[in-house]
Amino acid sequence: SSGINAEWPLRPGVLVSCLFCWIMSLITGDFSQVDRLWSILPALYSCIVTYHAIIEKGVEKSTVMIIMSLVTILWGSRLTLQFVMKGGYTHSGEDYRWAYVRECFGNRKFALHAFNLFFIVIYQNILLLLLVFPQVAMVPHQTKFEGLSDIFITILFIFLFIVEVAADLQQQYFQVRKHKAIAEGSERKGDYKAGFLRTGLFAYCRHPNYLCEVLLWWVFAMFSLSRCGFNWTFIGAANLTGLFTGSLDLTEQISASKYAEYKEYQKHVPSVIPPIRMMTIKPRARR
């Protein structure tokens with residue numbers, strides 16, 4: 001079928017990416033190779049599927065595919081820029097959590113490299129492909145942008161994207177000012193004294209950017225609902241949810257060990273899903 005044909009060009013890309021990430025991790029000892037491609041590959045895969053649809057049906061009948069590629073490019077551009085600003089593409093840009101992962105493995109080097117190969121390199125590269133499978137499944141169906149559902153899904157995606165950008169900017173502004181205060185030796189109060197952010201979007205849940213990131217891909221998959229019904233291609237968003245859940249557990253453990261007030265923050269503010277009462281009542285300012 002057309003959907004399967006659209007999928008075929010993506011498979012060599014996954015294989016090449018896996019080989020590249022694995023070889024580079026062996027050469028450099030840096031296991032964050034997939035992170036460097038995370039924001040690029042889904043947009044690239046989406047554009048390949050859209051190109052296939054345009055060749056087969058023409059531009060006018062592939063407008064929803066074009067929209068899907070545009071929103072993945074928008075998503076990828078934000079993440080790539082953020083990664084650049086954090087120095088993720090430098091030689092020393094390995095995710096800070098890997099130091100804790102290595103401690104967990106201790107002297108079991110073979111187990112660590114097996115974890116890197118199978119869970120990081122192979123599984124996560126396949127996951128990045130699965131994220132765009134809802135778009136692959138749509139190729140044999142009507143792919144023209146039309147109807148209230150397509151409009152609603154697009155607006156919802158953009159809304160979540162804006163919230164995620166706002167959370168990123170709040171965190172970035174906070175970190176810059178915190179490290180400046182530490183470098184200058186000036187007095188720190190409130191969140192700056194605690195060492196982590198608890199105001200703005202972070203007063204409603206501890207990880208608003210993670211929440212939006214996961215929801216973005218569930219929303220992306222919704223484009224296929226009106227054309228294919230609820231289908232197996234939602235497995236990409238489901239796997240991403242599971243991956244982020246595990247990642248958050250590690251992040252929370254690290255934060256609780258670094259910051260004395262973090263456990264108190266955990267008691268009062270949910271991890272990712274804010275209760276309705278917190279969304280309707282303005283949180284108290286922390287001084």
**Request:** Please give the helix 41-57 orientation as an angle from the longest Cα principal axis of the chain, in degrees from 0 to 90, rounded to the nearest 10.
**Result:** 20
**Request:** Take peptides 205-215, 92-102 and line them up by average Cβ neighbours within 10 Å, highest first, as a rough protection proxy.
**Result:** 205-215, 92-102
**1.4 Å probe accessible area per residue over the chain, in Å²** = 53
**Fill in**
Once the in-chain neighbours fewer than 8 apart are removed, the lysines whose Cα is under 25 Å from residue 57 read 144
**Fill in**
Cross-link reach from residue 61 to aspartates and glutamates, straight Cα distance under 16 Å and at least 8 residues apart if same chain, gives 146, 150
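What does the charge add up to near residue 96, with Lys and Arg as +1, Asp and Glu as -1, over the other residues with Cβ less than 11 Å from its Cβ?
Counting the neighbours of residue 96, the net charge comes to +1.
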**Message:** Just to confirm the number: angle between the C-alpha axis of helix 147-184 and the first principal axis of the chain, 0 to 90 degrees, nearest 10?
**Reply:** 30
**Message:** Out of all Cα-Cα pairs in the chain, roughly what percent, to the nearest whole number, are more than 36 Å apart?
**Reply:** 23
**Message:** Through the Karplus equation 6.51 cos²θ - 1.76 cosθ + 1.60, θ set to phi - 60°, convert the phi angles of segment 15-20 into ³J(HN,Hα) values in whole Hz; use x for Gly and Pro.
**Reply:** 4, 4, 5, 4, 4, 4
**Message:** Under 8 Å for C-alpha pairs, at least 6 residues apart: give me the relative contact order for segment 196-264, rounded to a whole percent.
**Reply:** 29
**Item:** Over 23 Å (Cα to Cα) - which of 180/263; 180/267; 109/258; 109/263; 178/258 fall in this group
**Value:** 180/263; 180/267; 109/258; 109/263
**Asked** residue 126 to residue 77: extension gain in nm, 0.36 nm per residue of separation minus the Cα-Cα distance?
**Response** 15.6 nm
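The values are calculated or read from the model by the stated rules, or taken from the named source; none is laboratory data. These numbers were taken from a predicted model, which means no experiment stands behind them. Every residue, glycine among them, receives a Cβ derived from its backbone with ideal geometry; neighbour counts consider all protein chains shown. These accessible areas exclude ligands, DNA and RNA; they are computed on the full protein's heavy atoms, side chains included. Shrake-Rupley method; radii C 1.70, N 1.55, O 1.52, S 1.80 Å.
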